[in-house]
Amino acid sequence: MTRKSKIRDLKERFEKTLKKVGKELRKLPVDVKRDEYIRTTVDSDISDRLNKEELNFLGGFREAKKHLKEISSIQTSIPKILIFDIETAPLESYHWGLWNQNIGLNQVKEDWTVLSWAAKWAGSDEVFYMDTSKQKDLRDDRKILEGIWKLLDEADITVTQNGVSFDHKKLNARFIQHGMKPPSSCKKLDTKLMAKKYFKFTSNKLEYMTDKLCTKYKKLSHGKFPGMALWTEYLKGNKEAAKEMKLYNEYDVRSLEELFFKLLPWDNQIDFNTYIDSCEMHICTCGSVDSVKKGFHYTRTGKYQKYICKSCGKESRDRTNLLSKDKRKKTIRSRCSR
Ligand SMILES: [Zn+2]
């Protein structure tokens with residue numbers, strides 16, 4: 001192989017690797033898109049035989065390959081974040097009036113069931129959806145429950161709007177009635193609880209929050225079947241209603257994801273650093289690795305590195321005490337001597 005063809009071959013491989021790095025990077029839910037990944041360094045083996053331009057290519061190639069490896073190790077340790085939403089069928093009952101009714105169990109004609117669910121993994125564009133509309137019995141949720149069970153079992157973190165008190169528990173109630181096992185445990189994040197904890201919005205409803213905070217996916221207001229009509233028509237087997245159910249359910253999940261990433265920088269419940277230990281960079285709670293060191297946090301016995309996230313502005317700090325053991329011993333102990 002001549003020197004020229006060798007270089008050409010390497011250039012081609014470099015470009016392919018770079019493309020792959022870019023593709024992999026786009027798949028990451030956390031923002032590890034760093035220029036550092038494609039920094040140019042010199043391949044020492046042949047460096048002295050090449051000119052500057054060739055060196056840059058080879059350096060970049062070696063670096064790109066190294067970072068592709070790094071990315072795939074980060075890729076495997078990134079927590080799987082499942083964003084989901086369910087729709088349930090209402091109970092049907094016999095009752096004698098409308099106002100202030102107290103319906104006994106023996107008046108229940110049909111118990112509630114799960115009608116549909118939509119879910120997606122954070123960072124991926126695909127939305128999964130299942131409903132009962134193609135079944136003979138629209139209230140038989142066994143099959144669609146198995147679908148969401150599998151996803152829940154895989155998830156490290158789940159994101160819902162009001163799901164801690166509703167979606168998760170509703171699903172559990174149906175899982176157990178079908179004799180299904182509990183899915184593997186996960187960290188449950190709830191945008192409604194996040195909103196309550198950190199903000200005082202006029203409303204903590206998905207509709208209000210996505211309208212105020214989201215730019216891409218705001219909650220859709222119902223079209224053909226306003227309010228209850230969507231459920232009653234769906235249960236009558238109206239295909240148009242089933243179509244609308246799918247549309248809103250999927251859209252809700254997309255807008256929930258956007259809202260979640262808007263709220264995430266304010267929240268401390270997940271620390272990506274504990275999940276992605278193969279990433280040496282400091283990862284902010286918003287998922288960005290673009291943090292800069294900024295001063296220290298001091299306590300009575302310690303000094304800790306502080307960071308400011310360039311992406312969301314959130315401050316965070318290391319747990320490592322930078323104070324030496326000797327110095328720590330010399331810190332003043334406050335004890336009441338009187
Ligand atoms: Zn951040």
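Got a number for the accessible area of CYS186? Probe 1.4 Å, square angstrom, nearest 10.
Ignoring ligands and nucleic acids, CYS186 comes out at about 30 Å².
Taking a 1.4 Å probe, which of VAL127, VAL114 shows the most accessible area, and what order do the others take after it?
Working: VAL127 30, VAL114 0 Å².
These residues rank, largest area first, as VAL127, VAL114.
If we sort 187-197, 245-255 on the protection proxy, mean other Cβ atoms within 10 Å, highest first, what's the order? Numbers along the way, then the final one.
Details: 187-197: 18.5, 245-255: 20.7.
Highest mean packing first, the order is 245-255, 187-197.
Read phi for every residue in region 144-151 and hand back ³J(HN,Hα) as whole Hz from Karplus 6.51 cos²θ - 1.76 cosθ + 1.60, θ = phi - 60°, with x for Gly and Pro.
Couplings: 6, 5, 4, x, 6, 4, 4, 5 Hz.
Past 27 Å, Cα to Cα, is the threshold; run LYS187/LYS294; LYS219/LYS239; LYS262/LYS310; LYS181/LYS239; LYS19/LYS80 against it and keep the listed order. Could you put the intermediate results ahead of the total?
Details: LYS187/LYS294 30 Å; LYS219/LYS239 22 Å; LYS262/LYS310 15 Å; LYS181/LYS239 33 Å; LYS19/LYS80 24 Å.
Correct reply: LYS187/LYS294; LYS181/LYS239.
Residue farthest toward the positive end of the dipole of region 127-276, with Cβ of Lys/Arg at +1 and Asp/Glu at -1: which of PHE201, THR160, ILE144?
Farthest along the dipole direction, towards plus: PHE201.
Apply 1/(1 + (r/R0)^6) to the Cβ-Cβ distance of LYS109 and LYS205, taking R0 = 41 Å, and write down the FRET efficiency to the nearest 0.05. Write out the running numbers ahead of the final one.
On the way: r = 30 Å, r/R0 = 0.73.
Using R0 = 41 Å, I get an efficiency of 0.85.
My understanding is that a pair violates if its Cα-Cα distance is over 26 Å; which of LYS197/LYS218; LYS169/LYS192; LYS134/LYS205; LYS20/LYS143 do that in this structure? Could the numbers behind the result be given before it?
On the way: LYS197/LYS218 22 Å; LYS169/LYS192 15 Å; LYS134/LYS205 31 Å; LYS20/LYS143 38 Å.
Check vs 26 Å cut-off fails for LYS134/LYS205; LYS20/LYS143.
Taking amide H positions as placed in the peptide plane 1.01 Å from N, state which residues far from LEU115 in sequence (5 or more) or on other chains have amide H under 5 Å from it.
GLU87, THR88, ALA89
Report in % the part of the accessible area of region 290-338 that belongs to carbon and sulfur, leaving out ligands and nucleic acids; probe 1.4 Å.
Numbers: 2000 of 4290 Å².
Taking all protein chains in place, region 290-338 shows 47 percent carbon and sulfur surface.
Could you tell me what a quarter of the Cα convex hull surface of region 137-278 works out to, in nm² with one decimal place? Working shown, then result.
Values: hull surface 41.1 nm².
Value for region 137-278: 10.3 nm².
Stretched out fully, how many nm does the piece from ASN273 to ASN102 gain, at 0.36 nm a residue minus the Cα gap?
Numbers: separation 171, 0.36 × 171 = 61.56 nm, distance 5.12 nm.
Full extension of this stretch gives 56.4 nm more.
Pop a pseudo-label 7 angstrom from the Cα along the beta-carbon direction at both THR299 and VAL164 and give the gap in nm to one decimal.
It is 2.4 nm.
The values are calculated or read from the model by the stated rules, or taken from the named source; none is laboratory data. Here the structure is a predicted model, which means the values were calculated and not measured. Quick reminder, even Gly has a Cβ in these numbers, built from the backbone with ideal geometry, and neighbours come from all protein chains shown. Side chains included, ligands, DNA and RNA excluded: accessible areas come from the protein's heavy atoms. Shrake-Rupley method; radii C 1.70, N 1.55, O 1.52, S 1.80 Å.
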